[in-house]
Every structure is written in structure tokens, then in C-alpha cells.
1. What are the residues in segment 1-27 that are assigned by TED's automatic domain parsing to the domain that holds P69 and loosely packed, with under 10 Cβ neighbours inside 10 Å, if any?
2. Give the residue that is surrounded by the fewest Cβ atoms within 10 Å (Cβ to Cβ), with candidates limited to residues of segment 87-108 that are closer than 16 Å to A42 by Cα and of a type in the set (D, E).
3. Somewhere in segment 62-70, is a residue free of Cβ contacts under 8 Å to residues at least 24 places away in the same chain, out of contact with any Leu (no Cβ under 9 Å at 6 or more places or on another chain) and in the same structural domain as E85 (by TED's automatic domain parsing)?
4. Kindly provide the set of residues from segment 1-41 that are more than 12 Å from the chain's Cα centre (by Cα) and among the basic types (K, R), ordered by number.
5. Filter segment 12-33 down to the residues that are touching a strand residue (DSSP E or B) at 6+ places or on another chain (Cβ under 9 Å) and assigned to a loop (DSSP other than H, G, I, E, B), then identify the one that is farthest from I56 (Cα to Cα).
6. Condition test on M36, is it of a type in the set (A, V, I, L, M, F, W, C) and modelled with pLDDT of 85 or more?
7. With the condition being at pLDDT below 95 and more than 22 Å from A8 (Cα to Cα), I'd like the helices (runs of 4 or more DSSP H) fully within segment 42-133 carrying at least 2 qualifying residues.
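The values are calculated or read from the model by the stated rules, or taken from the named source; none is laboratory data. Keep in mind that this is a model prediction, so the values were computed, not measured. So basically every Cβ, Gly included, is an ideal-geometry build from the backbone, and we count neighbours across all protein chains shown.
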Amino acid sequence: MARKKHRATPTGEPIIAQYTDIDVDAYTVMPDGRRMQRTVFALTEEQVERIRVGYICIKCLEAHDSPFPDACAVCKFPMREHQAEEFAKDFRGDIAFGPSTTIDEEYGIAEEIIKKDAYEKARKLGLILPSWY
């Protein structure tokens, strides 16, 4: 008896990450041996749940009209066979993106750098004499 094929049609719905970054802790080894850094995506809770239950391909973020097709209609990733395993391996829960400082702290840091650079330039031009004490 032939195995039933599970197919799905792409919905055309755009799955847009709120933020992306380079994953400094993981990489993919390409067939020629090169190491490629992986991308971290910030997705909504709903998008993450739809990936977990097989409606969105974990590799290319293509949305489908039914869960866990044999393969993604776009990138051909074997969703039925590997999606749950990839999700368990890759999902990290809530992580913080961006700087850990506030915007006011960032402005303060920038002002200090600008002042220091201006002082050094003025000193090099002889506009400010070094102190002798």
C-alpha cells in the first residue's frame, strides 16, 4: 500500500520577523565545508506557535494551508520528517535583542566619545596645552 502524501499549498501570507540578528552561538556547515552563521528571528507568539504545529516552514518561513506537509512547497525542507526536531533544537524562547542600555545612556556614551575626540584633536592642533603638574 502506497504511503499517503501530505501536501500543502503556500498561503502567500508574509511571515515577517520583527527583528533579525546573527546567531553567534550556531552555524551551518555547507556541503563544501564552509561555515555559515545562522540567523535569529524575533517572531510573534502566534507565528512561533504556527511553526511549532507545522503550518509555517521553520527554514524559509513560508506559510501553508495545512500542517506538516511532506516537504515545504517553496524550499523543499522535509517538514513532516524534521520540523518538530528542528524546532526543539532551534527554539530558544524569549531572548533580548538590541542594546542592554537605555537611549539616554546611549546618548551619554556618545557625548563622552565626542568630547574626548574633540579634546584630542584640539590638543594635537596645539589649541590645548598639556598640563605640567
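1. Residues satisfying the conditions are V24, D25.
2. It comes out as D94.
3. No: zero hits.
4. Within segment 1-41, R3, K4, K5, R7, R34, R35 meet the criteria.
5. The qualifying residue farthest from I56 (Cα to Cα) is M30.
6. Answer is yes for this residue.
7. In segment 42-133, the matching helices (runs of 4 or more DSSP H) lie at 79-90, 103-124.
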